1. Can you confirm whether MET121 is away from the ligand (no atom under 16 Å from the Cβ), more than 27 Å from VAL49 (Cα to Cα) and buried (at least 17 other Cβ atoms within 10 Å of the Cβ)?
2. As an exercise: evaluate GLY79 against (1) surrounded by fewer than 21 Cβ atoms within 10 Å (Cβ to Cβ); (2) within 12 Å of the ligand (Cβ to nearest atom); (3) over 23 Å from TYR36 (Cα atoms) and give the number of the one condition it does not meet.
3. Can ALA61 be described as in contact with a Phe, Trp or Tyr (Cβ under 9 Å, 6 or more places away or on another chain) and small (Gly, Ala, Ser)?
4. Which ranges mark the strands (runs of 3 or more DSSP E) fully within the stretch 218-304 that have 1 or more residues being under 23 Å from HIS194 (Cβ atoms) and within 14 Å of the ligand (Cβ to nearest atom)?
5. Output the helices (runs of 4 or more DSSP H) that fall wholly within the stretch 14-99 and possess 1 or more residues being of a type in the set (Ser, Thr, Tyr), or say none.
6. How about the stretch 102-142: which of its residues are at positive phi and touching an Asp or Glu at 6+ places or on another chain (Cβ under 8 Å)?
7. List every residue pair whose Cβ atoms lie under 6 Å apart, where the two residues are 6 or more positions apart in sequence or sit on different chains, the first residue falls within the stretch 103-118 and is among the hydroxyl-bearing types (Ser, Thr, Tyr), and the second residue, located anywhere, is buried (at least 24 other Cβ atoms within 10 Å of the Cβ).
8. Does any residue in the stretch 56-80 that is basic (Lys, Arg) come within less than 8 Å, Cβ to Cβ, of a residue that is within 14 Å of the ligand (Cβ to nearest atom) and assigned to a helix (DSSP H, G or I) six or more places away or on a different chain, and which pairs are these?
Amino acid sequence: MKVLVATDKPFAKVAVDGIRKEIEAAGYELVLLEKYGEKTKLLEAVKDVEAIIIRSDVIDAEVLDAAQKLKIVVRAGAGYDNVDLEAATAHNVCVMNTPGQNSNAVAELAFGLMVMAVRNMYNGTSGTELKGKKLGIHAYGNVGRNVARIAKGFGMDIYAFDAFCPKEVIEKEGVKAVASAEELYSTCDVISLHIPATAETKNSINHALVNRMPKGGLLVNTARKEVINEAELIQLLEERTDLKYVTDIMPAANETFVSRFAGRYFSTPKKMGAQTAEANINAGIAAACQIVGFLKEGCEKFRVNK
Ligand code: 3PG
């Protein structure tokens, strides 16, 4: 059996070594396709493999058509919006993710971006501190939880909204649960986004919502670019020169943001929230173990295309 690791954005070498160890111990062969750039290379590589480990790599119907022997795809990470679940089900392919394995790395980067923004992008002028500021965590999943844990160390006043997480669960962790996204944005100085990209959330971070933020508000995005209504955010940043936007997922309209909002906007050049050796090891090895468990014992824990 062949297991392909197809990562256009490669894991740290130490993580690949760990994945290889798990795959080979199970008696399988590891095939590595990194920084492949063009889809044709992916289409060629998937032809004779039974399993694939990916990151943000796109697995669509064309890839599934080319992968005649494929049984399982594991997204080493949380968000699986890059996989066509319906097509995978139609091809009888199991899709899994590895929830929680890279969430501390993403949460730490949210603070890296936050500190940079409140210190005026390190331009030498006097900024502000995070201590005592109201932080709004938009979605209280694995990353949101880690953000709350770190925010306590900064001495922030922590709020969260999650439509799917019971209030009691949030409040048990010393975080104030609010009843709506609108309330969260109206309340908080800093909003940290941790919602997945779904049909419901795409474009949902719009003018009306972000405009609720108090003077000097900061929006931090380590989630997905698709959740932002870019045209409306641009309009709002034009209208409100007090607002800042920092992101780990470069907007389609990056040039516009850079040219119009200098000093109030920053994007990492490449999404790098989960780009730590620790996160790569955790998510990569979890993916390898899930593949072995599935192929040897039929274990479907973490399946997302039920
Ligand atoms: C995730 O969904 O796990 C994160 O966004 C990380 O994605 P990446 O593996 O492409 O860095």
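The values are calculated or read from the model by the stated rules, or taken from the named source; none is laboratory data. Please read these numbers as outputs of a predicted model, since none were measured by experiment. As a convention, Cβ positions derive from the backbone with ideal geometry for all residues, glycine included, and neighbour counts pool all protein chains shown.
1. So MET121 fits the description; yes.
2. (3)
3. So ALA61 does not fit the description; no.
4. Numbers: elements: 218-221, 244-247, 265-267.
Correct list: 218-221, 244-247.
5. Helices (runs of 4 or more DSSP H) meeting the threshold: 39-45, 85-90.
6. First pass over the stretch 102-142, keeping only residues at positive phi: 120-122, 124, 132, 139.
Across the stretch 102-142, the qualifying residues are GLY132, ALA139.
7. Pairs that qualify, where the first residue is among the hydroxyl-bearing types (Ser, Thr, Tyr) and the partner is buried (at least 24 other Cβ atoms within 10 Å of the Cβ), are SER103/VAL143.
8. ARG75/ALA287
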